[in-house]
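Since the structure comes first, as structure tokens, the remarks are kept for the end.
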Amino acid sequence: MSTAMVLGCAGTELGRDEAAFFSDADPWGFILFRRNVESPEQVRRLTDALREAVGWEAPILIDQEGGRVQRMGPPHWQKYPPGEAYLKATNDPLAARELARLGARLMAHDLKAVGVNVDCVPVLDVPVPGAHDIIGDRAYARDPATVTQLGRAAAEGLLAGGVLPVIKHMPGHGRAFADSHKELPTVHADFDTLDAWDFAPFKALSDMPIAMSAHVVFTAIDKKRPATTSKKAVKLMRQHLGFQGLLLSDDLVMNALSGTLTERAGAALKAGCDAVVHWNGDMAEMKQVAAGVGKLGGKAAKRAAAALARIVHTPEPLDEREARTRFAALLEGRLDAAKGPDVGEAQA
């Protein structure tokens, strides 16, 4: 039985010490970042080695959104636009929905070819005026209804290509006025406002297999704890938002969380997250995380199995050349206007 964690690795090849640690620690899954990516052949070797270390077809995750958050890119893979580009390219929500699905279907094609079967997309956060730009152009739109439509389209494109989507950052990061990688954001909006705006896309996509939590305090839910480590917030996700899939924490090393990594992992699991994510591949840190994590059992194990059962092993047919030509044509001429400010690479 796997342990309730998703871990990264240090580089482009799996080291002997890493393989031994993963074999012993037995994480449920792995996550790749830009430091792990050089070429298609290399990524395939790495994903094979990671699975060999744990002895089964463990899920391998990546953040492949497009725009600022794209771990696999040129020259070996297509450069995809940020989420907001789809609507800006068409100004028609129905056409944007088709475009978002097509982009996600092409991403799934890229990922499946190298052994990656979970993509941390779609971003369902709905930014409000003045919010920190850590979400910014990663959002599909500035209203919940359009975010819901385009997020659903992206999720369906991934699923059709044999890749599981991860809805994030539940129950919403768009109202945060701080970057949770650097500090703990606190949202003071009342419950009714949150419910009508921030929570709406997550309720509408509550059927998705996997979600990632937000390291954000919502004072209307829990005045002290960020959603990741708040029993009240996780209860809201399960009951009010209706999400019954696998709940992952956002990255444990982010400064929004406090305490040691062992304490952070334990707090997230105690609050109700099913598994925790540690991304940077630092061996000493991974050992600290492992010390705070138990086996993935009970309801969490059932949710994990149900998520993996959603993987389509024979993807929807795709004429790749035609699809890429059509995708480029639909985006042509509007990408420059769709680019947001460069605020650095977001981690998750």
Pair Lys182, Gln239: separation of 7 Å Cα→Cβ label points (nm): 3.7 nm
Paramagnetic reach from Asp24 (point 7 Å along Cα→Cβ, amide N under 11 Å) across the range 283-316: 287
Between the range 73-142 and the range 1-66, the alpha-carbon center distance in angstrom: 24 Å
Proximal lysines relative to Lys295, as straight alpha-carbon distance under 25 Å, when same-chain residues fewer than 8 apart are discounted: Lys168, Lys231, Lys232, Lys235, Lys270, Lys287
Residue among Glu263, Glu84, Glu322 with the largest mean-square fluctuation in a Gaussian network model of the chain, springs linking Cα atoms under 10 Å: Glu322
Computed lengthening from Glu98 to Asn255, 0.36 nm per intervening residue step minus Cα-Cα distance: 52.8 nm
Virtual spin-label span in nm between Ala328 and His313, 7 Å along Cα→Cβ: 3.5 nm
Gain upon complete extension [Asp207, Lys79; 0.36 nm per residue less C-alpha separation]: 43.2 nm
Contour minus Cα-Cα distance for Glu41 and Glu263 (0.36 nm per residue): 76.1 nm
Among Ala309, Ala271, Ala256: highest mean-square fluctuation, GNM of the chain, C-alpha pairs under 10 Å: Ala309
Relative contact order, percent, the chain [alpha-carbon distance under 8 Å, six or more residues apart]: 20 percent
Sites Lys223 and Asp48 - FRET efficiency at Förster radius 51 Å, r taken between beta-carbons, to 0.05: 0.65
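Since every read-out is calculated from the coordinates, none of them should be taken as a lab result. Keep in mind it's a predicted model, so treat the numbers as computed, not measured. Because the Cβ atoms are built from the backbone with ideal geometry, glycine has one as well, and the counts that use them run over all protein chains shown.
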